[in-house]
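To start, the structure under review is shown below, and the notes come after it.
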C-alpha cells in the first residue's frame, strides 16, 4: 500500500526497532525490564507492526502507546515496513529482552507462525492484532474484526440503495491482497451480500489491488472504460477512495448521494477519509472496525495472562456499518471521525 502524504513523517519516526517506553525508558541497558520505585516489576510489552502506511495502523499504534502509558507499561516498538524477516528479528529482540507480552500486526497469517512459536518457547504471551494467523497449534490470541459480517452488513445497505434506484445496477469490487485473511473475509462478505441481492446487482468487475493505490486507480479506470454504466462500487479498504474519486471525477460521475446519477459507494475500515466523504455526502456507507476497542483488548489479554488467566484463542471485533441513514447516531463510535475532528 502507498503511504498517505500526511503520514510520511510519522513513518520515519518508527523505522526499525525503537526501544523506547511509553511510560519512560527502561533502566540501565541490561536487557531486563525496569522496576518501579517500590520495587514492583514494571511490565514491558513489545509491539511489532508490519506497517504504518495507513491511518488505521497509525491510529492503532497511537492507541496502544497511549494505553500503555496510562497503565504504566513500557512499550518497545518495532515497524517492519512490510519485511517479514525484519519483523521476526524485532520479535526475537523482544524475546531477548524478556518482555511480558508481544503484540504483532503480521504481514500475513503464514509468516507470523514461527514468531508465535519462538515466543511460546520463551513462555511469552502473544496477541495478533487485527490479522489472525493461518491454522496452527502455536498458542496465541487473535483480536480481529469479523470482516465477513461487517462487510456483508455494509454491502446489504448498498444493495438496498440499488433496489431503490429502480434499475439493475452493475457493480465493481476493489479487493485487497488475498494473502491477507482480512481481504478474503471482506471479499467473501461482499459476495454473500451480492448473492442474496438476486437480480438487483450484477458484478461486472473484480479488481485485484494488493492494497496498492496505483493498482486500484488503474483497475477502476479499466473497469469504467469497459462498463461506463457501473452504478455501485465497494472498496475493501477506505484508503482506496481517493483512486475511486479521481476516476469518477474525471468522468463527471463524482456526485453526492442524493444527486441524480450518483454512483453508490461503500468501503471498509472507517477511516478519516471515509468519514469526511460521508459527511460531504459522497460515500453511502463503510464498515467500521473498532480500532480502539481492539487495542484495549490486546493489552488486556497480556495483563490477564500475567495474572494467570487463560487466554482465549480469538476475540472478535463485531464492528458496525455506518451509513448515511445512521451516521448521526454512530459517528461518535467511528475512529475515523475521532481522527478527523482532532485535525481541525
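Annotation: of all residues in the range 95-106 being touching a residue at least 60 places away in the same chain (Cβ under 8 Å) and farther than 19 Å from residue 308 by Cα, the one that is surrounded by the fewest Cβ atoms within 10 Å (Cβ to Cβ) is 96. Here 270, 281 are screened, and the one residue that is out of contact with any strand residue (DSSP E or B) (no Cβ under 8 Å at 6 or more places or on another chain), closer than 16 Å to residue 340 by Cα and in contact (Cβ under 8 Å) with a residue 24 or more places away in the chain is 281. Filtering 274, 285, 298, 321 for residues that are at pLDDT 95 or above, buried (at least 18 other Cβ atoms within 10 Å of the Cβ) and closer than 30 Å to residue 122 by Cα leaves a single hit, 298. Of the set (1) without any contact (Cβ under 8 Å) to a residue 12 or more places away in the chain; (2) assigned to a loop (DSSP other than H, G, I, E, B), all apply to residue 329 but (2).
Residue-wise test of (1) free of Cβ contacts under 8 Å to residues at least 24 places away in the same chain; (2) part of a loop (DSSP other than H, G, I, E, B); (3) farther than 17 Å from residue 270 by Cα.
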| position | (1), (2), (3) |
| --- | --- |
| 133 | no, yes, yes |
| 137 | yes, yes, yes |
| 154 | no, no, no |
| 158 | no, no, no |
| 170 | no, no, yes |
| 178 | no, yes, yes |
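Checked against the criterion of being over 18 Å from the mean Cα position of the chain (by Cα) and either farther than 30 Å from residue 41 by Cα or assigned by TED's automatic domain parsing to the domain that holds residue 43 (or both), the candidates 168, 152 yield just one match: 168. Evaluated against (1) modelled with pLDDT of 95 or more; (2) in contact with a strand residue (DSSP E or B) (Cβ under 9 Å, 6 or more places away or on another chain), residue 132 falls short on exactly one condition, (1). Using the structure shown, decide if residue 212 is touching a residue at least 12 places away in the same chain (Cβ under 8 Å), closer than 13 Å to residue 287 by Cβ and out of contact with any strand residue (DSSP E or B) (no Cβ under 6 Å at 6 or more places or on another chain). It is false that residue 212 is touching a residue at least 12 places away in the same chain (Cβ under 8 Å), closer than 13 Å to residue 287 by Cβ and out of contact with any strand residue (DSSP E or B) (no Cβ under 6 Å at 6 or more places or on another chain). Within the range 239-269, if we keep just the residues that are at pLDDT below 95 and in contact with a helix residue (DSSP H, G or I) (Cβ under 9 Å, 6 or more places away or on another chain), the residue that is surrounded by the most Cβ atoms within 10 Å (Cβ to Cβ) turns out to be 269.
Given the residues 199, 188, which is the only one that is in contact with a helix residue (DSSP H, G or I) (Cβ under 9 Å, 6 or more places away or on another chain) and surrounded by fewer than 18 Cβ atoms within 10 Å (Cβ to Cβ)? Checking each option against the conditions leaves just 188. Within the range 220-236, residues that are assigned to a helix (DSSP H, G or I) reach partners that are surrounded by fewer than 24 Cβ atoms within 10 Å (Cβ to Cβ) and modelled with pLDDT of 95 or more with beta carbons closer than 6 Å, at six or more positions or on different chains, in the pairs 220/247; 221/247; 223/172; 223/205; 224/247.
Please return the ranges of strands (runs of 3 or more DSSP E) entirely within the range 1-117 where 2 or more residues are modelled with pLDDT of 80 or more, under 24 Å from the mean Cα position of the chain (by Cα) and at negative phi. Per the criteria, 44-49, 74-79, 101-105. Among the residues of the range 107-145, those identified as crowded, with 18+ Cβ neighbours inside 10 Å and farther than 20 Å from residue 92 by Cα are 130, 143, 144, 145.
The values are calculated or read from the model by the stated rules, or taken from the named source; none is laboratory data. If you're wondering where the values come from, they're calculated on a predicted model, not measured in any experiment. All Cβ positions, even for glycine, are placed from backbone atoms using ideal geometry, and neighbour counts span all protein chains on display.
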